[in-house]
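This is the structure, below, for whatever I ask next.
The values are calculated or read from the model by the stated rules, or taken from the named source; none is laboratory data. Since we're looking at a predicted model, the values are computed, not measured. Cβ sites come from the backbone with ideal geometry, for glycine too, and all protein chains shown count toward neighbours.
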Amino acid sequence: MRIEVKSLSFAYTQKLVLNNLSFALDHGDFLTLVGKNGTGKSTLIKCLLKILKVGDGTIFFDGIDINTLKRFENVGYVPQKIEFSYEFPITASEILSSAYMKRKDEYYTKIINTLGINPFYRDNVNNLSGGQFQRVTIARALLNHPQLLILDEPTVGIDNENVRSLFEILKKLKEKKVNIIISTHDIEFAKNLSDYYLELNEVGDYSFYR
Ligand SMILES: Nc1ncnc2c1ncn2[C@@H]1O[C@H](COP(=O)(O)OP(=O)(O)OP(=O)(O)O)[C@@H](O)[C@H]1O
Ligand SMILES: [Mg+2]
């Protein structure tokens with residue numbers, strides 16, 4: 001998918017976070033968002049997902065203004081901070097199978113296996129560790145064959161072995177021309193995947209480079 005961000009600005013009530021930001025990605029490009037805490041990486045991601053409503057500027061997916069899209073198909077999202085407390089018991093398997101539109105097949109099993117979810121597949125998610133729950137969230141995002149996958153600091157809190165699995169997953173998706181956007185402070189993780197970097201500095205001060 002082609003992604004174009006044109007003169008994007010965003011403010012939380014009084015506070016301007018993004019100002020006049022523009023960049024474009026081609027089909028299959030991998031973009032890494034970098035920049036200090038509070039520079040607006042998560043905010044930009046939420047604008048791309050329409051979780052936040054853009055003030056000024058326009059975002060196009062394949063030439064279509066995302067404001068005119070009723071719902072996103074094929075967009076996967078792994079949030080930075082997962083705020084949840086399920087009042088009722090729900091298991092990892094229930095979260096994953098409800099996210100999967102089809103009958104469980106090889107693809108489903110492969111994702112569960114690659115992310116090492118089997119040991120806690122039947123557990124209530126309230127009892128999972130942060131990293132285990134993060135892996136469930138990543139699996140959920142992958143299930144519906146996203147054409148655009150956005151991961152906000154996906155390596156935080158995950159052990160080395162699973163960071164390597166995630167790296168391999170992203171590498172394979174990139175080979176399949178899935179667009180991927182991650183935000184990270186882990187340059188080592190990003191450097192062998194990224195086609196572009198977008199560095200957010202002060203408000204209105206950005207650099208977009210290969
Ligand atoms: N819901 C909100 N209401 C008001 N201000 C917010 C809100 N969310 C974020 N901000 C502010 O917007 C700025 C950008 O925050 P954002 O979370 O996008 O930064 P970030 O680059 O993702 O940082 P980090 O590296 O810590 O994840 C920060 O100054 C933050 O305090
Ligand atoms: Mg953030």
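Could you please give the count of residues in segment 82-106 that are under 22 Å from Pro146 (Cα atoms) and in contact (Cβ under 8 Å) with a residue 12 or more places away in the chain? Give the steps one after another, and end with the answer.
Going through segment 82-106, the residues under 22 Å from Pro146 (Cα atoms) turn out to be 82, 92-106.
Add one more test, that the residue is in contact (Cβ under 8 Å) with a residue 12 or more places away in the chain, and what stays is 82, 92-93, 95-96, 99-101.
Residues in segment 82-106 being under 22 Å from Pro146 (Cα atoms) and in contact (Cβ under 8 Å) with a residue 12 or more places away in the chain: 8 in total.
Might you let me know whether segment 27-49 holds any residue that is more than 16 Å from ligand 2 (Cβ to nearest atom), on the phi > 0 side of the Ramachandran plot and modelled with pLDDT under 95?
Of all residues in segment 27-49, those more than 16 Å from ligand 2 (Cβ to nearest atom) come to 27-30.
Narrowing the set further to residues that are on the phi > 0 side of the Ramachandran plot leaves 28.
From the residues that got through so far, the ones that are modelled with pLDDT under 95 too are none.
There is no residue in segment 27-49 that is more than 16 Å from ligand 2 (Cβ to nearest atom), on the phi > 0 side of the Ramachandran plot and modelled with pLDDT under 95.
Which condition does His185 not pass, out of (1) part of a helix (DSSP H, G or I); (2) modelled with pLDDT of 95 or more, if it passes all the others?
Evaluating His185 over (1) part of a helix (DSSP H, G or I); (2) modelled with pLDDT of 95 or more leaves (1) as the failure.
Please enumerate the residues belonging to segment 145-190 that are within 22 Å of Glu4 (Cβ to Cβ), within 12 Å of the chain's Cα centre (by Cα) and of a type in the set (D, E, K, R).
Result: Asp152, single match.
Looking only at segment 57-95, which residues are within 25 Å of Asn20 (Cβ to Cβ), among the hydrophobic types (A, V, I, L, M, F, W, C), in contact with a helix residue (DSSP H, G or I) (Cβ under 6 Å, 6 or more places away or on another chain) and not in a strand (DSSP E or B)?
Result: no residue meets the conditions.
How about segment 98-115: which of its residues are buried (at least 16 other Cβ atoms within 10 Å of the Cβ) and either farther than 24 Å from Leu48 by Cα or at pLDDT 95 or above (or both)?
Those that are buried (at least 16 other Cβ atoms within 10 Å of the Cβ) and either farther than 24 Å from Leu48 by Cα or at pLDDT 95 or above (or both): Tyr108, Ile111, Ile112, Thr114, Leu115.
Return yes or no: is Thr137 closer than 16 Å to Val78 by Cα, modelled with pLDDT of 95 or more and not charged (D, E, K, R)? Give the derivation first.
Working: closer than 16 Å to Val78 by Cα: yes; modelled with pLDDT of 95 or more: no; not charged (D, E, K, R): yes.
No, not satisfied.
Since Tyr196 meets every condition but one in (1) in contact (Cβ under 8 Å) with a residue 60 or more places away in the chain; (2) exposed (fewer than 14 other Cβ atoms within 10 Å of the Cβ); (3) more than 16 Å from ligand 1 (Cβ to nearest atom); (4) under 24 Å from Ser42 (Cβ atoms), which condition does it not meet?
(2)
Of all strands (runs of 3 or more DSSP E) completely enclosed by segment 2-56, which ones contain at least 1 residues that are farther than 23 Å from Asn192 by Cβ? Lay out the reasoning, then the answer.
On the way: elements: 3-12, 15-25, 30-34.
Here the list reads 3-12, 15-25.
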